[in-house]
Every structure is written in structure tokens, then in C-alpha cells.
Amino acid sequence: MACFLVPGTEAILVTGAALLLGKYEQNKAKLSLGANSAANEDGKKTGFSRKLFWLAGLLWGGVILLAFEHLWHGEIQPFFPFLTAAAEGPEAVSEMLHEMATVGVSMAILVTAVWGVMVGVTSAIEKRPEKANAEASA
Amino acid sequence: MTLLITVFAAVTATAAWYKKNDREMMLGILCWMFWGASLMWLVDAIFEYAELRAEYFTPALQDMINDTFLGLSVVALALVIWIVVLLIKDPKGVVKARLKKK
């Protein structure tokens, strides 16, 4: 009914966090003048803010397409009160909140979990060439 | 059906992103949209399966047609969003160059 609002809220929070962290990382890179910052600028390691933007991308992408699906099924409307259930009475609102608490929260958890796996896999991939170089030099 | 169509779209978009390896085409937008929606609809499908059990796999023809239309419309919407973002951001400068020519 409005399950996409839960990942939608997470998307807003994650985007805000990613923007803040991105600014912090930029400032940190500007301040530290050394080999480490040069390595970061080369793009050898992906910053955590960029990884957070991946999560935001997954969440926003899903939310946009799910909002369209809800519009298709008449569960949301482009005018006040926007949520059809809100106009149908307290029983429909209760059902909607139940769906948000079950399906919506599960959606947010699954997307975040998949992102977590993605971050783990990309970290392993980033470490791969270093490992190969170390083995070659040994 | 909507989930299936979106998953196929997600795999196709990701394969194209990997093959092209071209940041300027911004295929990543399509990947995020399709994978995000696929994961969310997967959760929806799991909850629906828990409610309907075997009946979930034998939908009425009318529902299947409606779901197919929805799936195709979702793919069309995502493609429109992608092309609009691509033209507005114009990473290859094609639009800008064309406007300058005139």
C-alpha cells in the first residue's frame, strides 16, 4: 500500500549522510598532503561516501519504480492526501502501517544487506592486485 | 511477472555496463534502478508467496497480462529517466556541441 515509503525514508537519510561524508572526505584529502592522499586521488581505493551513494542509488531506483507501481494500482494518488488508504478510513490506515512495518522494513533490510555484501566483495576485489603484487615480489 | 521482467532488465543493463565500461553512457543509473526495484519486488513476492503458497505460481490470465504491462511500463519509465538524465548531464558534450553549431 505504501511499503516503498520505508526504503524512501532510508534513501533520504543515506543520501544526506553520503553528501556530508563526501564533503568531509574531500576536506580531509585537501588538508593531508602526502603519499596517502595521492593514492586516494588516483582512485586506488573507493571512498566510503561513494559506497554510500551506491546504497542511495539502489534505494532511490527501487523507490521510484515502486512508486510508479503503486500509482498503477491506485494505492497512491498525485493529489492530497496522496495515500489512497488515508482517505479510506482508520482500518485502511492500520493495514497500510502494518504493511510498512513488515514488507517496507524487509525491503530496506534486504537492500541494505545486498549493499553490504557488495561493499565486502568490492573491498576484496580492490585488495586483489595488491595481493598479487606482494606474491610476485616475494 | 513484473519481478521477472525487472530482473531480466537488471541483468541486461549490468551486462551492458560491464561490456561498454563507458562512464559517459551513465548505464549505472539503469543498473541501480532495476536492481533496487528487483530486490524490493522480491520481498513483495516472498510475502505474497507466504500468503498464497502454491496459488502464487498459478496467477489468473488477466492478472498476468496486467503484470506484464506493468513490467514493460516500468522498464520504459526507467529508460526514459535514464535518457533524460543522460541528455541533461550531457557527459559527452553532444547536446552542447549541437547547440553551438546552430
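The listed residues A:Glu88, A:Glu75, once ranked by accessible area (1.4 Å probe) with the largest placed first, stand as A:Glu88, A:Glu75. Extents of the protein assembly as shown, largest first, come to 64, 54, 34 Å (Cα atoms, principal axes, whole angstrom). Look at the alpha carbon pairs under 8 Å that are at least 6 residues apart: their mean separation over the length of chain B gives a relative contact order of 41 percent. Ligands, DNA and RNA aside, B:Ile46 has an accessible area near 100 Å² when probed at 1.4 Å. Legend: residues in the stretch B:56-73 shielded by at least 20 square angstrom of accessible surface upon adding the remaining protein chains to the isolated chain (1.4 Å probe, heavy atoms) are B:Asn66, B:Leu70, B:Ser73. Estimate the FRET efficiency between A:Val121 and B:Ala16 by the formula 1/(1 + (r/R0)^6), using the beta-carbon distance for r and 22 Å for R0, to the nearest 0.05. For R0 = 22 Å, the calculated efficiency reads 0.65. The heavy atoms of B:Asp90 offer some 30 square angstrom of accessible surface to a 1.4 angstrom probe. For A:Val63, neighbours were defined as the other residues whose beta-carbon sits under 12 Å from its Cβ, and their charges (Lys and Arg +1, Asp and Glu -1) total -2. The mean number of partner chain beta-carbon atoms within 10 angstrom of a residue's beta-carbon across peptide A:106-113 is 4. Entry comment: accessible area of the protein assembly as shown is 64 Å² per residue, from protein heavy atoms only and a probe of 1.4 Å.
Give the separation of the Cα centroids, the stretch A:56-110 to the stretch A:16-30, in Å. Their Cα centres are 32 Å away from one another. Summing both sides, the accessible surface hidden between A and B at a 1.4 Å probe radius is close to 2100 Å². Mean-square fluctuations from a GNM of chain B, with a 10 angstrom spring cutoff on Cα atoms, peak among B:Leu61, B:Leu70, B:Leu87 at B:Leu61.
Can you work out the FRET efficiency for the pair B:Leu4 and A:Ala92, with r the C-beta to C-beta distance and R0 = 25 Å, to the nearest 0.05? Calculated value: 0.25. The gain in end-to-end length when the A:His73 to A:Glu25 segment is fully stretched comes to 13.0 nm, 0.36 nm per residue minus the alpha carbon separation. Shielding of peptide A:65-73 by partners, expressed as the average count of other chain Cβ atoms within 10 Å per residue Cβ, is 5.
Model label sites at B:Asp90 and B:Glu24, defined 7 Å from Cα along the beta-carbon direction, differ in position by 1.4 nm.
Once whole DSSP H runs in chain B are found, which of them have Cα atoms spread over 30 Å or more along the helix axis and a mean Kyte-Doolittle score of at least 0.5? Length and hydropathy pass: B:27-52, B:61-89.
Give B:Lys20/B:Lys101; A:Lys28/B:Lys92; A:Lys28/A:Lys51; A:Lys51/B:Lys96 a once-over and call out the pairs whose C-alpha atoms are over 22 Å from each other. Each step should come with its number before you reach the end.
Details: B:Lys20/B:Lys101 28 Å; A:Lys28/B:Lys92 31 Å; A:Lys28/A:Lys51 17 Å; A:Lys51/B:Lys96 31 Å.
Pairs exceeding 22 Å: B:Lys20/B:Lys101; A:Lys28/B:Lys92; A:Lys51/B:Lys96.
Summarising the overall dimensions of chain B from its C-alpha atoms, the Rg and Dmax are 17.6, 62 angstrom.
The values are calculated or read from the model by the stated rules, or taken from the named source; none is laboratory data. Just so you know, these numbers come straight off a predicted model, no measurement behind them. All Cβ positions, glycine included, derive from the backbone under ideal geometry; neighbour counts span all protein chains shown. The accessibility values were calculated without ligands, DNA or RNA, using every heavy atom of the protein model including side chains. Shrake-Rupley method; radii C 1.70, N 1.55, O 1.52, S 1.80 Å.
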